[in-house]
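First up is the structure itself, then whatever we jot down about it.
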Amino acid sequence: MSIQKSGVRTDKNSQQLDAHGTYEFPCAGYELDISKRDNNVVDLHWHDELEFSLVTRGRVTFYAEAQQFI
């Protein structure tokens, strides 16, 4: 699996448009330096796939179903 540098593209319902991996191997890895984004925020988005995040410095706050996770 290669690591891709990518933004998040969404439709009008905030569902992420980009496919992850391939049909044969539906898995992808992404690298994101949040400190280089506006307001240190990743745009609201959702998808059916499971997502794992590894934070190597600082801290992060996730929101899901109106709940906050630090």
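The values are calculated or read from the model by the stated rules, or taken from the named source; none is laboratory data. In this text the structure is predicted, and so the values were computed from the model without any measurement. Counting neighbours? That spans all protein chains shown, and the Cβs are built from the backbone with ideal geometry, glycine included. Protein only, heavy atoms only, side chains kept; ligands, DNA and RNA dropped before computing areas. Shrake-Rupley method; radii C 1.70, N 1.55, O 1.52, S 1.80 Å.
Observations on the model:
- The range 30-39, residues that are surrounded by 11 or more Cβ atoms within 10 Å (Cβ to Cβ) and in a helix (DSSP H, G or I): I34
- Looking across the range 42-64, just one residue is closer than 13 Å to L17 by Cα and not in a loop (DSSP other than H, G, I, E, B), and that is W46.
- Checking the stated criteria, N13 turns out not to satisfy the condition of being of a type outside the set (F, W, Y), open to solvent by 80 Å² or more (accessible area, probe 1.4 Å) and assigned to a helix (DSSP H, G or I).
- Unique match (being free of Cβ contacts under 8 Å to residues at least 12 places away in the same chain and surrounded by 10 or more Cβ atoms within 10 Å (Cβ to Cβ)) among F52, F62, F69: F62
- Single unsatisfied condition, C27 versus (1) touching a Gly at 6+ places or on another chain (Cβ under 6 Å); (2) at pLDDT 80 or above; (3) open to solvent by 70 Å² or more (accessible area, probe 1.4 Å): (3)
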